[in-house]
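Asks: There's a structure below that I have some questions on.
The values are calculated or read from the model by the stated rules, or taken from the named source; none is laboratory data. Small disclaimer: the values here were computed from a predicted structure and weren't measured. Positions of Cβ are backbone-derived with ideal geometry, glycine not excepted, and every protein chain shown enters the neighbour counts.
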Amino acid sequence: MTVLPRWESVKSGAIGFSFRLHSLRTGYGTVSKQQHETDPIIGDAVGSQLRSLYQDFASEAVPDRFMQLIEKLEKLEEVEEQARARGGDGASAEQAAGPEDGS
Amino acid sequence: MNPSKEVREGLVDAIPNLRAFAMSLCGRSAWADDLVQETLVRAWAKSDSYQDGTNLMAWLFTILRNEFYSQLRKRKREVEDIDGEEAGRLTAAPGQLPNLEMKDFQAALALLPEDQREAIVLIGASGFSYEEAAEIMGCAIGTVKSRLSRARTRLTEILEGDELQSAVGEKVN
């Protein structure tokens with residue numbers, strides 16, 4: 001998957017100049033490089049303030065609620081799979097995984 | 001249909017970037033986190049509509065921005081019922097940034113129309129190409145470029161002019 005190298009740098013907290021330049025040059029996707037055009041915004045003052053703001057947001061610690069949500073989704077899926085394996089219809093899955101919003 | 005390994009891992013890795021995009025769009029951390037949460041749930045539920053090896057980040061951003069516009073419409077409707085004048089100010093709320101320059105910049109960004117703000121963030125900060133941004137925003141590449149150009153002009157005007165002072169002043173309750 002082509003996005004991974006850049007995400008590695010985000011995960012490790014090394015969000016810096018090289019990450020930004022790299023991502024801005026190549027984009028995230030699978031579109032070939034020839035198809036990419038860069039906009040003047042990337043080099044100007046407005047662009048650099050915008051990226052600085054964005055990086056501030058992106059480097060904030062991820063709240064626990066998101067990992068808990070992923071765990072909940074994984075668990076729900078497990079229960080559904082077990083229900084399917086037993087020949088059930090998965091109707092008990094929601095009950096077993098608890099209410100959608102506990103708080 | 002259960003999400004593939006690529007989607008599962010991609011979802012977790014994408015969270016910081018989804019939050020940054022959401023914060024840039026709506027300017028409020030509580031709302032931004034709601035948008036991210038909704039995006040994760042939806043992406044999980046409709047993961048069979050994602051084809052492995054294609055552009056996962058663009059797919060997730062599309063879900064998030066669609067959710068943003070749908071919530072924005074809903075909020076505007078609700079607010080209009082109470083006070084029509086309030087509706088336009090929904091997203092203009094500078095957050096808790098340590099640095100004054102960044103606060104001003106965030107306030108200026110919040111003054112842009114949503115479509116311009118979205119274009120400038122996708123291209124200028126998230127690092128998407130014009131093609132990817134057009135796909136995410138569901139419009140033509142030419143539209144992306146014109147929104148981006150208007151956004152840049154407008155932002156420069158706001159930052160250089162004095163409307164920021166009055167706009168920020170207005171929001172202090």
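Asks: Which of the residues that make up the stretch B:1-55 are surrounded by 18 or more Cβ atoms within 10 Å (Cβ to Cβ), among the small types (Gly, Ala, Ser) and over 21 Å from the mean Cα position of the chain (by Cα)?
Replies: Once the filter is applied, which keeps residues that are surrounded by 18 or more Cβ atoms within 10 Å (Cβ to Cβ), among the small types (Gly, Ala, Ser) and over 21 Å from the mean Cα position of the chain (by Cα), the stretch B:1-55 yields only B:Ser47.
Asks: Quick check on my filter: what residues within the stretch B:113-128 are within 11 Å of chain A (Cβ to nearest Cβ) and either over 19 Å from B:Ile63 (Cβ atoms) or not hydroxyl-bearing (Ser, Thr, Tyr) (or both)?
Replies: Hits for the stretch B:113-128 are B:Arg117, B:Ala119, B:Ile120, B:Val121, B:Leu122, B:Ile123, B:Gly124, B:Ala125, B:Gly127, B:Phe128.
Asks: Somewhere in the stretch B:54-68, is a residue farther than 25 Å from B:Ile120 by Cβ and either touching a residue at least 12 places away in the same chain (Cβ under 8 Å) or in a helix (DSSP H, G or I) (or both)?
Replies: No - not one qualifying residue is present in the stretch B:54-68.
Asks: Could you grab me the full set of residues in the stretch B:115-146 that are assigned to a loop (DSSP other than H, G, I, E, B) and either under 24 Å from A:Asp56 (Cβ atoms) or in contact with an Asp or Glu (Cβ under 6 Å, 6 or more places away or on another chain) (or both)?
Replies: Of everything in the stretch B:115-146, those that are assigned to a loop (DSSP other than H, G, I, E, B) and either under 24 Å from A:Asp56 (Cβ atoms) or in contact with an Asp or Glu (Cβ under 6 Å, 6 or more places away or on another chain) (or both) turn out to be B:Ala125, B:Ser126, B:Gly127, B:Phe128, B:Ser129.
Asks: Here is a follow-up. Specify the residue that is farthest from B:Val121 (Cα to Cα); the eligible residues are those in the stretch B:15-63 that are at the interface with chain A (Cβ under 9 Å from one of its Cβ atoms) and charged (D, E, K, R).
Replies: For the stretch B:15-63, the residue satisfying everything is B:Asp52.
Asks: Go through the stretch B:25-49 residue by residue and tally those that are at pLDDT 95 or above and either among the hydroxyl-bearing types (Ser, Thr, Tyr) or in contact with a Cys (Cβ under 6 Å, 6 or more places away or on another chain) (or both).
Replies: The total comes to 2.
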